[in-house]
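A.B. asks: Take a look at the following structure, please.
Every number here is computed from the coordinates shown, using simple stated rules; none is lab data. The shown structure was predicted, so the numbers you read here are calculated from the model rather than taken from an experiment. Cβ placement follows ideal geometry from the backbone for every residue including glycine, while neighbour counts extend to all protein chains displayed.
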Amino acid sequence: MIPAGVDEGTTIPISVIHGTRTGPTLALVAGVHGYEYPPVTALQNIRRDLDPRDLTGTVIIVHIANMPSFLKRTIYYSPVDGKNLNREYPGRPDGTVSERIAWAITTEVIEQADYVVDLHCGDGNEALRPYCYWMRTGNPELDEVTRDMVIAFGLDHIVIDDDRPDDPQQSTYTSNTALTRGIPGFTTETGGLGLNDAASIEMAEAGVWNLMRHLDMVEGEARMQSGIVWLDRYEVVRSPITGIFRAAVRDGYAVNEGALLGTLLDFFGNEVGEVHAPFAGIVNYVIATPPINEGEPVAMVSHIKPE
Ligand SMILES: [Zn+2]
């Protein structure tokens, strides 16, 4: 429950599953962006299928972090305060609703956990090829633990991200809020375009189960993903104009430096610009619906780390 403050209040549905044996606490967060459905469904399935008798430790599930955005079906921004929840961490107890949600998740979920996973997908306008972010902090032990967790989640494309803030008071992102507090955490991306498709749900669900095996929270041998495509830098390419974007690539495409990512049109359909790949790499996601605002992403391109 997030009480009303400077604006309206909201609720955050949370499940806490205590295993019959003591062990670590794993926090799983879905719905930080309210138009990203497969992780929400995947964690509902985990709640249904996880028997406390089979669990060592505790699992905290945040089913829908951003209820205002979920119910109003908004991409990126809260319909209440216009803020992107995944840019507001660690939040404030007396701020707007997104800041108060961030504060509640920081203090009541992340800071209570030993491990944190923030589950996303492409937003309602984004076609996305599944991948994880491995955010490196420069602390070798923490980075190693996080790396193994990311590999255990089982997606075969992993973006290495060294550019997140290191100040816990400016942690900005959900999983970075864990990392800046010394808690291993990472971000997953499975699905997109507002779909709640079985394949994306299954990918997130299988990832969580294998991660719990890896952390010795449930029985069984964890299967560590092999043949990973490591992506050692990335760029979110942004639109210089407000208008219409027509993609020339799809999610997962390999592109050369300078390749056409898409065309920009005015509202009459006249071409007014083009967007190109900044370097050779993989298209992690691309905007696949027409509206575009100046400064918003049109695509994310990642460079493949040489062997
Ligand atoms: Zn997201």
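A.B. asks: When you go through (1) in contact with a Gly (Cβ under 9 Å, 6 or more places away or on another chain); (2) away from the ligand (no atom under 16 Å from the Cβ) one by one for residue 80, which number turns out not to apply?
C.D. replies: (1)
A.B. asks: While we're on this one: Only one of these conditions is not met by residue 81: (1) assigned to a strand (DSSP E or B); (2) farther than 27 Å from residue 209 by Cβ. Which number is it?
C.D. replies: If we test residue 81 against (1) assigned to a strand (DSSP E or B); (2) farther than 27 Å from residue 209 by Cβ, just (1) comes out false.
A.B. asks: A follow-up question, please. May I ask you to list the residues in the stretch 13-45 that are in a loop (DSSP other than H, G, I, E, B) and more than 16 Å from the ligand (Cβ to nearest atom)?
C.D. replies: Matches in the stretch 13-45: 13, 19, 20.
A.B. asks: Another one. Exactly one of (1) over 30 Å from residue 261 (Cα atoms); (2) surrounded by 19 or more Cβ atoms within 10 Å (Cβ to Cβ) is unmet by residue 118. Its number?
C.D. replies: All conditions pass for residue 118, except number (1).
A.B. asks: Condition check: part of a loop (DSSP other than H, G, I, E, B) and surrounded by fewer than 22 Cβ atoms within 10 Å (Cβ to Cβ). Does residue 4 satisfy that?
C.D. replies: yes
A.B. asks: OK, next. Listed residues 233, 223; which is closer than 30 Å to residue 264 by Cβ and of a type outside the set (Phe, Trp, Tyr)?
C.D. replies: Within the list 233, 223, the selection yields 233.
A.B. asks: Next question, about the same structure. Determine which member of the set 127, 199, 206 is closer than 30 Å to residue 72 by Cα, within 16 Å of the ligand (Cβ to nearest atom) and of a type in the set (Gly, Ala, Ser).
C.D. replies: 127
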